[in-house]
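The structure appears below as structure tokens.
Any read-out appearing in this document is the output of simple, stated calculations on the displayed coordinates, not a laboratory observation. A quick note: this is a predicted structure, and the numbers were derived from the prediction, not measured.
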């Protein structure tokens, strides 16, 4: 851990974090609409009680939060595939770090914790994700943490009349993690 991330705590979010999570998520959807498949318009009317239910502990799923002085500054979701033949895989989704916490290692810390959670708690062999091909910072972060590109989905998203491509990436955790 670096001095910049010494004050950062990463943990799974719980229903009591719903208001902070929803506020941060909505901010991210507004700030970086091309980084998310969901939109601010689709999520802004979601009651905080519904968000709290989504944060309740469920097997195979977690949303991790990065807290700086008990203030939520970053999030990332992780979900194991449900089908038996696909349960060795999990998907990383919804990664967002607020602008004021960027360039301090918060994103790296979140993804590293997510990979450890995938390995140690979900017991999966690999974690996949998709990232907008124009998001150079995210691509560099994921590559530095062991993700490799394996494909490109052209026209993944249509935003304001413009098509966006998505880079598909995977991080192989190893066969020894499956139980």
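Pairs of Cα atoms nearer than 8 Å and 6+ residues apart set the relative contact order; for region 1-104 it is 28 percent.
Evaluated on the chain, the Kirkwood hydrodynamic radius is 16.8 Å, with distances taken between all distinct Cα atoms.
Projecting the alpha carbon convex hull of region 35-108 along each direction and taking the average yields 6.5 nm². Using only alpha carbons, region 1-80 has a radius of gyration to Kirkwood radius ratio (Rg to Rh) of 0.98.
When the helices in the chain are scored as -39500 (n - 2.57) per DSSP H run of 4 or longer and the sum is shared across all residues, what 222 nm value do you end up with, to the nearest 500 deg cm²/dmol?
Result for the chain, helices only: -8000 deg cm²/dmol.
Based on Cα contacts under 8 Å between residues 6+ apart, region 14-71 shows a relative contact order of 45 percent.
Semi-axes of the equivalent ellipsoid for region 94-133, computed as √(5λ) from the eigenvalues of its C-alpha gyration tensor and ordered from largest down, come to 22, 13, 7 Å. Classify region 84-179 as rounded, prolate or oblate, taking a ≥ b ≥ c as the square roots of the eigenvalues of its Cα gyration tensor: rounded when a/c is under 1.5, otherwise prolate if a/b is larger than b/c and oblate if not. Oblate. Put the Cα centre of region 1-74 next to the Cα centre of region 86-161 and the gap is 15 Å.
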